[in-house]
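Student: Handing you a structure now.
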Amino acid sequence: MNRFDVTALGELLIDFTENGTSLQGNPLFEANPGGAPCNVLAMLCRLGKKAAFIGKVGNDIFGAQLKQAASEAGICMDYLLEDPEVHTTLAFVKTFPNGDRDFSFYRDPGADMMLRAEELPNELLCSTRIFHFGTLSMTHPEVRLATQEAVGTAKKAGALISFDPNLRPPLWTSLEDAREQIAWGLGCCDILKISDNELEFMTGLTDFDAGAAVLQEKYPGIRLLNVTAGAGGSYSYYEGMRVFVPAYSGGGVIETTGAGDTFCACVLNYVLENGIDSLNEKQLAQMLRFANTAAYLVTTKKGALRVMPSRMDVEKLL
C-alpha cells in the first residue's frame, strides 16, 4: 500500500531574492523558502497529491522557517532532520531584466549536505509511487551515497524514478564530477526533466532532437524524456514520438525561480493520473500544455514554494 504519491529527497534552502532597495540605497533581499525537490512537492500538493520530503536543515531560524513553509504547503515533513552544528543552506539570487538568475551559495558546508545513508527512512522509500531527486544531493560523497541508496531502495520497491539534474556549476568541485553524477541519474530514471542547457552540457549538442536521441540511445531506461527550453517551450520524447508545445506567453514575468520545478511536478501529476504506459501524442501535448502554463504562472510571482498555482488557476488560462 503506497502511503505517498511522490517522495523527494534533496536540498531545502532559503533563496534570498532581491526586493527593491532601502532608503540608504542598499539592496533588500526577501528570504523565500526554496529548494527544487520541495518546490516540486509543493506543486503536487496544490494538485491534490500526497507528498513527503527527505532532507536536512540546520537547527536555526531558517530551518524552522523552511519546515513551517513546507508543512503549510501540505508536504509531509515528518522525515526532515535537523543538524545540530551545520547551518541551513542559503542561496542569494541575482535576477536579470529578462527573468534569468545567477546564484551565490552559502554551503561550505550546508545542512542539506549532511544527510547520511543510515538516516534514510526505508519504510517511506518503500511506500511511494514515485521517487524524485536531483543532483544537489550528489555534490559531495556522503550525501551522494545517501541519494544513491534512496534511489535503489525506492526502485527495488517498485517506485517510478524521476530525475531533474538541476545543474548548479558553482556547487561542484569540477564539472567532470557533475557530468559523471548526472550520467548516474540518467541511468536510473524512468522520467527525466532536463533543461536545454543541461542537455547541451551532457551531449554537446544544441539541437534538442539530436540531444534527446543521444540520451535515449545511451540510457534506454528513460521512458518519458522532457526537455524544457524556457520561453522556447517544451518537448516530450516518448516511445518514438516527439511532441512540442510552445511556452505560454502572457507577459509579466518577474523571475524564473521554480518554473522548471513546477513543470516537473505537473508531468509527475499527469503520470500519476494517467500512468506511464501507452501514452499518445494528444496526451503528451495535453501534459506539456498544462505544465508550461503552470510554469508560466510561477514566473509572474517572487519565490516558488509558497506561490504555486492551483489547478483552477492553470485551467483558467488554458
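Student: Which one is surrounded by the most Cβ atoms within 10 Å (Cβ to Cβ) among residues in region 183-212 that are of a type in the set (Val, Ile, Thr) and over 17 Å from residue 260 (Cα atoms)?
Tutor: Selected residue: 203.
Student: Just one of 248, 270, 237, 296 is of a type in the set (Phe, Trp, Tyr) and within 30 Å of residue 90 (Cα to Cα); which is it?
Tutor: Step by step, each of 248, 270, 237, 296 is checked, and only 296 is of a type in the set (Phe, Trp, Tyr) and within 30 Å of residue 90 (Cα to Cα).
Student: Can you tell me which residue is surrounded by the most Cβ atoms within 10 Å (Cβ to Cβ) among those in region 220-231 that are under 23 Å from residue 169 (Cα atoms) and modelled with pLDDT of 95 or more?
Tutor: 228
Student: Could you name every one of the strands (runs of 3 or more DSSP E) located completely within region 183-302 that has at least 3 residues being farther than 17 Å from residue 163 by Cα?
Tutor: Ranges flagged: 241-245.
Student: Might you let me know whether region 112-119 holds any residue that is among the charged types (D, E, K, R), crowded, with 20+ Cβ neighbours inside 10 Å, modelled with pLDDT of 95 or more and in contact with a helix residue (DSSP H, G or I) (Cβ under 6 Å, 6 or more places away or on another chain)?
Tutor: The answer is no, given that none of the residues of region 112-119 is among the charged types (D, E, K, R), crowded, with 20+ Cβ neighbours inside 10 Å, modelled with pLDDT of 95 or more and in contact with a helix residue (DSSP H, G or I) (Cβ under 6 Å, 6 or more places away or on another chain).
Student: Please count how many residues of region 241-263 are at pLDDT 95 or above and touching a strand residue (DSSP E or B) at 6+ places or on another chain (Cβ under 7 Å).
Tutor: Residues meeting the conditions: 6.
Student: If you go through region 155-167 one residue at a time, do you hit one that is out of contact with any strand residue (DSSP E or B) (no Cβ under 6 Å at 6 or more places or on another chain), touching a residue at least 40 places away in the same chain (Cβ under 8 Å) and of a type in the set (A, V, I, L, M)?
Tutor: No, region 155-167 contains no residue that is out of contact with any strand residue (DSSP E or B) (no Cβ under 6 Å at 6 or more places or on another chain), touching a residue at least 40 places away in the same chain (Cβ under 8 Å) and of a type in the set (A, V, I, L, M).
Student: Here's something else I'd like to know. Need at least 1 residues that are among the basic types (Lys, Arg) and within 29 Å of residue 255 (Cβ to Cβ) per element, so show me which strands (runs of 3 or more DSSP E) inside region 81-174 make the cut, counting only ones lying wholly within it.
Tutor: Passing ranges, in order: 90-95, 101-106.
The values are calculated or read from the model by the stated rules, or taken from the named source; none is laboratory data. Note that the structure is predicted; figures quoted are calculated from it, not measured. Ideal geometry is used to build each Cβ from the backbone, glycine not excepted, and the neighbour counts take in all protein chains shown.
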